[in-house]
Structure formats: structure tokens, C-alpha cells
Amino acid sequence: MGKPLDAPLGTNTLSVRDNRTGKTYSIPIVDNSISATDFKALSAPRAPSEREENETEKGLRVADKGFLNTAVLRSEITFIDGDAGVLRYRGYPIEQLALHSNHLETAYLLIYGSLPTKSQFQLWHDEIMHHSVIHADAEQFFRSFRYDAHPMAILTSALSYLGSYYSEANPSLQGQNLFTKGDKTSLATMDKQIIRLIGKATTLAAMAYRVRQGREFVTPPTGLSYAGSFLYQMDHLGQENYVPNPVLEKALDVLFLLHADHEMNASSTSVLQVGSSLVDPYSAVAAGCASLYGPLHGGANEAVIRMLISIGKPENVPAFLEAVKKREKVLSGFGHRVYKTSDPRSFIVRKTADEVFKITGKDELLETAMALHDAAMKDNYFISRKLAPNVDFWSGLIYRAMGFPNDFFPVLFAVPRVVGWLAHWRQMMLQTGGVKIWRPRQIYVGAGKRDYVPLEDRVAVEEPKKTPSVVEHSGISKRTTLASFKGQTRAKL
Ligand code: SDX
């Protein structure tokens with residue numbers, strides 16, 4: 001710090017002059033990044049007009065609302081070039097993996113860093129399939145949901161519930177460094193939870209599906225693939241030797257592989273934010289599932305279909321796009337924080353859709369989707385904002401053609417993304433220097449220091465958003481609020 005501004009050109013440093021003090025600073029650049037904490041050295045006396053809450057004398061803070069340009073970790077797992085439309089898992093292009101690999105082999109690659117040998121893969125596959133069974137008590141848990149509960153609400157809860165069976169995997173019970181020690185025992189405990197979560201992700205999802213369909217649960221079968229077992233558990237109704245259609249099984253496996261990881265997306269970040277408190281991995285993954293549920297993220301594939309249904313026929317596309325430009329509607333399935341060209345996965349999904357449609361028949365929404373896609377791709381409003389189709393634009397059409405209900409689509413995203421969440425969680429648990437809890441800073445712009453006001457001296461604040469909305473009562477609560485009760489006494493404030 002405090003080196004002269006005229007540092008030699010070509011050095012990996014940032015020369016910063018703080019014009020509040022005239023001091024100069026030299027900040028190191030490492031891997032094309034600077035450390036936000038280096039800016040804490042840039043302190044200045046607080047100007048009389050400046051709020052004490054700005055903490056100016058304690059050094060600069062770096063503001064980045066929505067993490068538009070903040071790197072929260074160093075990762076070896078997935079690389080995305082958003083301008084070129086590149087996606088690589090551990091260096092392997094997604095196009096090659098989609099063509100030659102399968103979801104469980106890709107899961108091994110994402111989590112352990114290399115493509116497995118035949119024997120390594122066989123053991124990995126067998127362990128995961130062996131751990132697809134869950135405790136019989138879970139049936140009561142699933143039956144406690146209403147038949148029309150959103151399956152993502154069921155899955156999110158189930159992932160957290162699952163962890164309650166494994167006290168040996170709970171750092172709150174076994175000690176906070178249960179997964180960070182990195183020794184043989186710790187790695188074994190960690191890898192067993194990873195196998196359990198990947199193996200049981202399909203089972204939990206299938207059980208959520210059967211709740212919605214009003215069907216008995218199906219014990220995970222033996223002898224089927226990961227995707228095949230999933231389809232079997234969702235669809236088996238007692239038929240003898242039921243085997244899922246191989247084209248649908250393959251399509252689902254490719255979609256799983258494509259959705260397995262995507263570096264620091266909102267749900268993976270949620271897993272790491274929660275995981276940084278050293279909570280058990282089931283709770284961290286449940287947090288990721290809750291994040292993925294949202295329409296801006298994994299819920300977009302469901303939102304795309306609802307959008308296409310609302311548009312109806314292709315001839316309605318121009319009016320819809322005009323409404324989008326007026327910000328009255330959102331073009332779900334388009335846009336991405338990182339990709340500023342088409343999401344490379346979207347091309348593979350589109351190709352997979354054609355293969356599925358050969359078996360299931362074309363979906364009547366396909367024409368509308370293609371018209372919408374083609375119109376948006378030519379429209380300067382979207383071109384100027386670098387909005388292009390993401391992975392969710394076409395995937396919902398496949399799930400719909402396969403007969404899944406709209407609200408099950410995010411579940412079909414969450415199941416494979418358990419792999420990416422666990423890859424990042426494991427990487428964080430084993431990172432050099434251990435795990436620091438994620439605790440971002442803020443810029444406080446609220447009320448300055450003020451004294452408590454006794455009840456009798458208060459002036460009512462009644463602006464909208466600053467008082468609770470009036471809750472409308474109906475049914476039982478409406479009549480009971482109007483009723484009177486013997487010896488009724490109102491609670492004293
Ligand atoms: C996934 O992060 C990941 O990697 C996610 C994911 C993964 O694999 O984990 O790839 C999966 O979640 C894909 C994204 C699925 N979501 C959607 O399809 C929902 C629709 N998309 C948008 O909500 C939006 O594009 C986001 C949320 C995806 C990205 O939002 P950003 O990066 O915050 O971009 P922004 O909102 O700042 O948009 C920049 C401009 C704005 O216009 P201006 O206000 O500057 O004039 O583009 C506009 C936005 O209004 N815009 C859109 C739009 N997306 C952005 N306008 C219309 N329709 C859209 N879909």
C-alpha cells in the first residue's frame with residue numbers, strides 16, 4: 001500500500017489515488033481480480049456533512065448489488081464464457097459430454113474432477129443406485145402434504161427432512177469440522193452423504209410426483225439406469241417388467257447432464273452461503289432447492305410454458321413482444337446474467353426436443369415457441385440487451401411432451417442440479433484455509449440514532465408499505481372475528 005502512482009507499466013497492480021486524501025495505493029491484481037478487502041486501507045476523515053453510518057474512517061467498502069461483478073470464491077469445477085457461449089465441466093465442453101457421457105459419469109467428473117475409469121464408474125453407479133432407497137417413515141412425511149402442494153415445496157422440504165435421518169452427517173451434533181478435516185474418515189462421511197443425496201434425489205422427486213398423482217409410492221427398482229429408475233418410480237402402476245421408453249430415458253439423462261452445474265448461479269450460491277455456516281449438506285442443498293424454485297431461476301422452465309399458453313397461436317407473438325417491451329410481460333426463457341449470446345445448452349435441448357417429439361408427437365406450443373424465438377432474435381430490443389434463449393426456453397416443451405405437469409418442471413431441474421450443488425459444497429469444505437462464514441457488508445442508509453418514544457407520544461406512521469396491510473378474513477375466521485365469547489377479554493397491548 002501507499003506506493004507511488006507511477007508503478008511501472010505492465011505490472012499486475014492497480015494504482016489508486018484517493019482524492020479525498022491525496023494518498024495513493026498500489027493494489028495487486030491476481031488472476032484478473034483485485035481483493036475487495038484491499039480497499040479497506042482507503043480510509044478518509046469523515047466530512048462534517050457525511051453520516052456516521054458511512055464509516056468513512058474505517059475504509060472503503062465495495063458495493064455490488066446483485067453480485068454483478070463479484071467473485072466469491074476460486075473454483076475448478078465449471079467455466080462459462082458468456083460472450084462466446086462456452087460451457088465446460090472441469091474443462092470438457094458441454095457439447096462433447098452431452099454426446100458421449102451420461103449424467104452419473106458427469107456427476108463423478110464434476111465432484112471429483114476427472115472422468116472415471118470403467119471400474120471407478122461401476123462402483124460409483126452401483127453405490128448411488130444402492131442408496132436410492134429411503135426410510136419407510138418418509139411415506140408419512142410425503143402424505144402430510146395436500147395433493148395440490150407445489151412439488152418444489154415438497155422436494156425442498158424433503159431434502160431437509162432427509163438429513164434428519166443422518167445424525168452422523170450433522171456437524172451441529174458431531175462437531176463443526178466434520179467435513180472440513182479432509183482426513184480419510186471425514187472424506188468417507190462426506191462422500192457417503194453425496195452418494196445418498198444423488199441416489200435419493202430421484203426417489204424424493206418421484207414421491208412428490210406420486211403425491212400429486214394420488215398414487216402409491218414405488219420402491220426404487222434394480223437393473224435400470226438413473227433416469228430409467230426415476231421414470232419407473234414415477235410411472236409404475238403394477239405392470240410386469242415395466243421398462244421406460246429408451247428415447248425418453250436417454251432424453252432425460254441428457255437433460256440431467258445439461259442441468260448438472262452452472263458455476264455460481266443463484267441456487268449454487270445459496271448452497272454455499274448456507275453451507276458456509278458449516279450446517280449439514282442436506283440443509284444446504286434444501287436452501288439451493290428453495291432458490292431454484294424461483295421463476296427467475298429454475299422456475300423459468302415452468303414460466304415459459306405458462307407464457308406460451310398465454311400467447312396461444314404464433315400470430316399472437318408480435319403483440320406479446322410489444323407487451324414485453326412495455327415491461328408489461330416478461331419473456332421467460334430469455335436472458336441470462338452471464339450468457340450474452342445463446343446459452344450453449346439451449347441448442348442441445350432443442351435437438352433433444354426433436355428426438356422426443358418423434359416419439360411423443362409434436363407439442364402444439366412448439367410452433368409458437370419457434371415463432372417467439374425467431375421474432376425475439378431479430379428484434380433490436382432483445383439484441384441490444386443481449387437477450388437470447390437460455391436453457392429453460394426449450395426444456396419445458398420436452399417435459400410437457402413427456403406428459404409432466406408444468407409445476408413439476410423445476411423439480412426436473414433440481415434433481416440433476418443436486419450434483420452441482422454438492423460439487424461446490426465439497427469444494428468449499430475442502431478449500432485451502434478452511435471455510436469462512438459468508439457474511440456480506442451493507443451500506444446503511446436507514447434512520448440515524450434516535451431515542452425510544454413512549455406509546456402516548458407516538459405519531460402514527462400511515463404511509464403505504466410502512467404499515468401492515470389489512471388482512472381480509474373469510475370463512476371461519478370471518479365469522480369468529482364477528483362472534484363473541486363468554487368472558488371475552490381483549491388482549492392488553
Ligand atoms: C437459469 O445463473 C445461472 O447460471 C442460471 C441458470 C443455471 O443453469 O443455473 O443458467 C439457469 O436460471 C436461466 C435463467 C432463467 N430465467 C429466465 O428465463 C427468466 C427471464 N430472464 C430474466 O429474468 C433475466 O434475464 C435473468 C434473471 C435471467 C437475468 O437477469 P439480470 O442479469 O439481472 O439482467 P437484468 O434484469 O439486469 O436485465 C438487463 C436488461 C434489462 O433491461 P433494462 O432495464 O436495462 O432496459 O434486459 C432486460 C431487463 O429488463 N431483460 C429482459 C429479460 N431479461 C432481461 N427483458 C425481457 N425479458 C427478459 N427475459
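Within a Cβ distance under 15 Å of Val62, other residues only, what is the Lys/Arg minus Asp/Glu net charge?
On the way: positive: Lys40, Lys58, Arg61, Lys65, Arg439, Arg441; negative: Asp18, Asp38, Glu55, Asp64.
Within the 15 Å Cβ shell, the charges total +2.
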Rounded to the nearest 0.05, FRET efficiency between Arg306 and Ser33 (Cβ-Cβ, R0 51 Å) equals 0.85
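Can you give me the accessible area per residue for the stretch 13-58, using a 1.4 Å probe, in Å²? Walk me through the intermediate numbers first.
On the way: 2980 Å² over 46 residues.
Heavy-atom SASA per residue in the stretch 13-58 reads 65 Å².
On a full-extension model of 0.36 nm per residue, what is the gain between Ser144 and Ala63, subtracting their alpha-carbon distance, rounded to one decimal in nm?
Values: separation 81, 0.36 × 81 = 29.16 nm, distance 4.39 nm.
Here the segment from Ser144 to Ala63 would lengthen by 24.8 nm.
Which entries of Lys118/Lys351; Lys325/Lys386; Lys23/Lys58; Lys250/Lys351; Lys65/Lys386; Lys340/Lys362 have Cα-Cα distances beyond 18 Å here?
Pairs exceeding the cut-off: Lys118/Lys351; Lys65/Lys386; Lys340/Lys362.
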Residues whose built amide H sits under 5 Å from the amide H of Phe334, excluding neighbours closer than 5 in sequence, are Asn390
The chain: longest segment with zero exposed GluC sites (Glu not before Pro), where exposed means DSSP loop plus at most 14 other C-beta atoms within 10 Å, is residues 77-215
Pseudo-spin-label distance Phe79 to Thr341, built 7 Å along Cα→Cβ, given in nm, is 1.6
Share of accessible surface on carbon and sulfur in the chain, whole %, 1.4 Å probe and ligands ignored, is 54
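With r defined as the distance between the Cβ atoms of Lys449 and Asn406 and R0 fixed at 56 Å, what FRET efficiency is calculated, to the nearest 0.05? Intermediate values should be presented prior to the final figure.
Values: r = 51 Å, r/R0 = 0.90.
According to the calculation, E is roughly 0.65.
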Expressed per residue, the solvent accessible area of the stretch 300-399 in Å² (1.4 Å probe) is about 46
Between the modelled labels at Glu240 and Lys378 (7 Å from Cα along Cα→Cβ) the distance in nm is 5.7
Note to self: C-alpha centroids of the stretch 245-306 and the stretch 367-444 sit apart, in Å, by 7
Pseudo-spin-label distance Ala41 to Ser474, built 7 Å along Cα→Cβ, given in nm, is 6.2
With +1 on the Cβ of every Lys and Arg and -1 on the Cβ of every Asp and Glu, the dipole magnitude of the stretch 13-58 about its Cα centre, in debye rounded to the nearest 20, is 180
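The values are calculated or read from the model by the stated rules, or taken from the named source; none is laboratory data. Computed from a predicted model, the values in this text were never measured in an experiment. Neighbour counts run over all protein chains shown; Cβ positions are idealised from the backbone, glycine included. With ligands, DNA and RNA removed, areas are computed over all heavy atoms of the protein, side chains included. Shrake-Rupley method; radii C 1.70, N 1.55, O 1.52, S 1.80 Å.
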